[in-house]
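The values are calculated or read from the model by the stated rules, or taken from the named source; none is laboratory data. Model, not experiment: these values are computed from the prediction. When we count neighbours, we look across all protein chains shown, and the Cβ atoms used for this are built from the backbone with ideal geometry, even at glycine.
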Amino acid sequence: MMNLFCKQTTWTVVLLVLAANGVVADECDPGLTGSPASPAAYRQRGDRCEGIYALQVNSTQIRLASMVEAFAYDPEDPQALQVTWARPAGDYGPVRLRAQSLQPNSYYRMDTTVGAGRTAYEWPSDVLASLKLPASTVGVLAWTRLAGEERDVYLPLRVSQGKAPAGGGEYQVAVVPDHRLREIHVTLTPLDAAGALRPPVFERELGYGLYMAKEATVFSFARPDGGGIYQVDIACEIWSGGSMTTSFTFYQSEDS
């Protein structure tokens, strides 16, 4: 089983430690090389690293690329994007935010770290606007980690411009496989207070027919009843034979 949590790189852990101690760190992923010919190259821009990169070194069998409840963005609107999320109770650390292109052969990314107590980030839209990237082609993620644990907990995002983002009643998830797939099965399971799996509340075969390698597959599911931590299991049938699985957990508040 390939686990998304094991794929977080060392630089992420270092940045979380620096942010927890109030140190302003370079947010740029050393595994990405900025495109030198472009003014929109991936580089540090205030409290974030953002832009176009030339090469991505790291690769996984399947990666989580986006989890949002709402994403409204207009490339023609100069206003900053308002990004909000619900914060789980407990000793959770800083929140990592990432945006990335969902288009094949389009190498855009934004990385930043937000303090543990915050539940919002104002994201300048200048780079996105210069690249004319519509909302449908951009994935956004947020995750945090409970002190003393290795597991990341993802935080579904609401993103909009000019007003507080409104929830849509369902979550939209994007995953990108490295292999051509025949089918994807999704299971949603709540965790109890001790972290043990309870009976699944959602099981679905996507039934899209074909899933191309390196292309984002987007699916959605309704917000489950009740707050807490949930686990999403993704089982993939590889087109050429065999299978691969991955999973991630996310937090949902009672009242959001």
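Here are some notes:
- Residue that is under 25 Å from GLY148 (Cα atoms), surrounded by fewer than 20 Cβ atoms within 10 Å (Cβ to Cβ), of a type in the set (Lys, Arg) and modelled with pLDDT of 90 or more, where the choices are ARG45, ARG87: ARG87
- PRO224 within 18 Å of TRP85 (Cα to Cα), at pLDDT below 95, of a type outside the set (Gly, Ala, Ser) and in contact with a Pro (Cβ under 9 Å, 6 or more places away or on another chain): yes
- Every residue from segment 213-244 that is of a type in the set (A, V, I, L, M), outside any strand (DSSP E or B) and either in contact with a Gly (Cβ under 8 Å, 6 or more places away or on another chain) or touching a residue at least 40 places away in the same chain (Cβ under 8 Å) (or both): ALA216
- Residue satisfying condition, being closer than 25 Å to LEU206 by Cα, touching a strand residue (DSSP E or B) at 6+ places or on another chain (Cβ under 9 Å), surrounded by fewer than 17 Cβ atoms within 10 Å (Cβ to Cβ) and of a type in the set (Ser, Thr, Tyr), within set SER106, SER101, SER136: SER136
- Residue match in segment 127-135 (condition: outside any strand (DSSP E or B), touching a Lys or Arg at 6+ places or on another chain (Cβ under 9 Å) and of a type in the set (D, E, K, R)): no
- Complete set of residues in segment 173-185 that are surrounded by fewer than 18 Cβ atoms within 10 Å (Cβ to Cβ) and either aliphatic (A, V, I, L, M) or part of a strand (DSSP E or B) (or both): ARG182, GLU183, HIS185
- Close pairs (6 angstrom Cβ cut-off, 6 or more residues apart or separate chains): on the phi < 0 side of the Ramachandran plot in segment 28-43, of a type in the set (A, V, I, L, M) and part of a loop (DSSP other than H, G, I, E, B) anywhere: GLY31/VAL57
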